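Contents: one structure, followed by commentary.
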Amino acid sequence: MSSTPATLVVAIDGTSGSGKSSTSRGVATRLGIRYLDTGAMFRAMTWWMLEHGVDVHDPAAVAARCGEPVLESGTDPLNPTITVDGTDVAVAIRSAEVNAAVSPVSAVPAVRTRLLELQRRIIGEGGIVVEGRDIGSVVAPDAPVKVYLSADPSARAHRRAAEEGGADLAATQESLLARDKIDSGRATAPLTMAADAVHIDTTPYSLDEVIGQVVALAEAVEART
Ligand code: DC
């Protein structure tokens, strides 16, 4: 869509498996703007902690080391990339070990401060779809388009298990719900729906339908500006 303002920021928050990543990439592609997966940044930080033998359940130990890894996120929605100290970790950050450790690492305030700075630098002047847990509430509170995606737990587990190549459904659902609990309950920047976000329950919709709904919201903002 040629009329997309170069400065548009679309904030997409929600739980794991709500369709956030596929929706965000699809919206960015259709609008011709960039894409940032902030969950991948928290995962990359977690991967580095595990690689360096840091006890992820010791917040002081995590805080002491979180300034060290050099994280780089590529923002092409057709080919998003993530590297840590120059190593491509796109596959490694989706492991069961990282899934189990990412919520406690993400709850450490120093980790959030460090990644917030990187996220704001990448967002820059805008022209980007940003997905995460606290984008509309903390990272980009002025974003003109804010969406909160949710879906039934069993729909989420089916989608995530399919993405992970047929992982065990019950175990996948259990891991999603455990992460939701920590992500929603943490003191700093918990998973929350911003007061001015549009809530879309994606359970009954296809991916294309959800992308269409978010693109329509972005177009409505453009029409007003
Ligand atoms: O979206 P995801 O499942 O890849 O995110 C992985 C974890 O990262 C999630 O359990 C919580 C954390 N996260 C966060 O705390 N804040 C964000 N903006 C994005 C992710």
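Every number here is computed from the coordinates shown, using simple stated rules; none is lab data. From a predicted model like this one, the values you see are computed outputs, not experimental measurements. Using ideal geometry, Cβ is built from the backbone for each residue, glycine included, and neighbour counts are taken over all protein chains shown.
Quick one: check the C-alpha center-to-center distance for the stretch 149-225 versus the stretch 66-118, whole angstrom.
19 Å
Taking the Cα of Leu169, stepping 7 Å toward and past its beta carbon, and measuring to each backbone N in the stretch 132-158: which are under 19 Å?
Answer for this model: 151-158.
Hey, got the dipole for the stretch 182-225? About the Cα centre, +1 on K and R Cβ, -1 on D and E Cβ, debye to the nearest 20?
Using Cβ point charges on Lys, Arg, Asp and Glu, the stretch 182-225 gives about 220 debye.
With θ set to phi - 60°, apply the Karplus curve 6.51 cos²θ - 1.76 cosθ + 1.60 along the stretch 72-88 and write out the HN-Hα couplings as whole Hz, x wherever there is a Gly or Pro.
10, 10, x, 10, 6, x, 7, 8, x, 10, 8, 10, 10, 6, x, 8, 6
Under the rule of at least 5 residues apart or a separate chain, name every residue whose amide H is placed under 5 Å from the amide H of Val145.
Answer set, sorted by chain and number: Val9, Ala11.
Glu125 versus Glu68, label points 7 Å from Cα toward the beta carbon: distance in nm?
Distance between the two pseudo-spin positions: 3.8 nm.
Any idea what angle helix 20-31 forms with the longest principal axis of the chain, computed on alpha-carbon atoms, 0 to 90 degrees, nearest 10?
40 degrees
Of all DSSP beta bridges in the chain, what percent run antiparallel (nearest 5)?
Of those bridges, close to 25 percent are antiparallel.
Taking the simple approach of a point 7 Å from Cα along Cα-to-Cβ for both Thr81 and Asp142, what is their distance in nm?
3.1 nm
Take Ser184 and Ala162, extend 7 Å from each Cα along the Cα→Cβ direction, and tell me the distance between the two endpoints in nm.
2.4 nm
Ranking Asp85, Asp142 by Cβ neighbours within 10 Å, fewest first, what do you get?
Ranking Asp85, Asp142 by Cβ neighbours within 10 Å, fewest first, gives Asp142, Asp85.
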